[in-house]
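The structure under discussion appears below in the form of structure tokens.
No value in this document is a laboratory result; all are computed from the given coordinates. Treat the numbers as computed from the prediction; the structure is a model and nothing was measured. Cβ placement follows ideal geometry from the backbone for every residue including glycine, while neighbour counts extend to all protein chains displayed.
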Amino acid sequence: MPAPSAEQIFEEMMAAGEKAFGASWSAVANYAPAEFRKMAIQITEIAQNVARYKLDKSEGYSEETGRILMKMQRTAAESVLVATTQLNLIAVQKAMDAMAKVLRKTFKGLVARIL
Amino acid sequence: MRTLLLAFVVLLGGCPAPLVSPYDEVIEKGVVDFYERLNVFVKDMGDAAGKPEGTYEANTKTYNALEAKLDVLILRASSASQGTGCRLEAKVYEKVAKVLDNDMPADMKASAKDGAGDANGCNARLLQLVRQQLGFIREIHAKTDKCASPPGQQVSCLRKATSETALKIANQSINAVSVVEAAKRN
């Protein structure tokens, strides 16, 4: 079976991201896809470098190194995941702050009058 | 009516627990500084692969210094979170766990299970992940990458190709910290 291309990996990651974050996806739509694309490219780069090393020991890197680099990629995926969640929350927090500001302004005089 | 209105104003205008930790200039600047140092170091190691100055043994002090810099930032973020960890929003956690076939990192699973964790904990987690990346680069340099060095010896090194791939991946984790802090600042 041929190895999946970076584009195929990227499409799968995008679909998973949209599915996981649902309606909140728009808050992180600029950040996450760019990072998913980098991951997809890097995963194929690792596979290519391990293959190059097998042909010529002065090129690419060993399978052992490739395995650690894949672990690094998994860690980077977690970073993106946590950051994406945080970006969602920042968007919600900002919306809440803006809403609270309007409400405070609107109801301040009214509350003062009825109390 | 009066009570209802008062409750409404208190709820939205009061001081509920923030969803995200406040912007921290020290962390943002510290991460930028770490990014610069790591990038220069790893590129230099790629260039010095196979030379005495490119071996792991010749560079342990630099790794120690980079780790110490990150540890200071992690300590700062951890003290703000009181060690409760990072908890993903329940709904997001459920969906992500499903997508990842329940292959979630152990500490996130624990935080989700016991309901612990806060926004500051996620800051600390992001920095810990950067620390992990540095540990992986160190492991490759010390153990798995080998370069030919005259006369016919194999020495520890960071191969050029490794340094390029490792840096791109590590920068994703560093970038994650920067992006979050920048979003808080703006």
Worksheet item: Between B:Gln153 and B:Asp71, what is the FRET efficiency for a Förster distance of 41 Å, r being their Cβ-Cβ separation, to the nearest 0.05?
Response: 0.75
Practice prompt. Just list whichever of B:Lys143/B:Lys184; A:Lys94/B:Lys43; A:Lys54/B:Lys69; B:Lys69/B:Lys146; A:Lys71/B:Lys69 have alpha carbons separated by over 32 Å in the model shown.
Written response: B:Lys143/B:Lys184; A:Lys94/B:Lys43; A:Lys54/B:Lys69
Worksheet item: Along the Cα-to-Cβ line of B:Glu57, 7 Å from the Cα, sits a label point; which residues in region B:155-186 have backbone N less than 17 Å from it?
Response: B:155-158
Fill in: ³J(HN,Hα) computed for each position of region A:69-82 - Karplus, 6.51 cos²θ - 1.76 cosθ + 1.60, integer Hz, glycine/proline x
5, 5, 5, 4, 5, 5, 5, 4, 4, 5, 4, 5, 4, 5
Worksheet item: In peptide B:137-146, how many Cβ atoms from other protein chains are near each Cβ within 10 Å, on average?
Response: 4
Item to complete: Can you check what the net charge comes to around A:Glu35, using other residues whose Cβ is under 13 Å from the Cβ of A:Glu35 (Lys, Arg +1; Asp, Glu -1)?
Response: +2
Response to the item:
Sorted by chain and then number, the residues having a modelled amide H within less than 5 Å of the amide H of B:Gly85, at least 5 places away or on another chain, are B:Asp118
Response to the item:
A correct Karplus calculation of ³J(HN,Hα) over region B:47-56, with 6.51 cos²θ - 1.76 cosθ + 1.60, θ = phi - 60°, whole Hz and x for Gly and Pro, returns 6, 9, 4, x, 9, x, 6, x, 6, 5
Response to the item:
Note: A:49-56 gets an average of partner chain Cβ contacts (10 Å, Cβ to Cβ) equal to 1
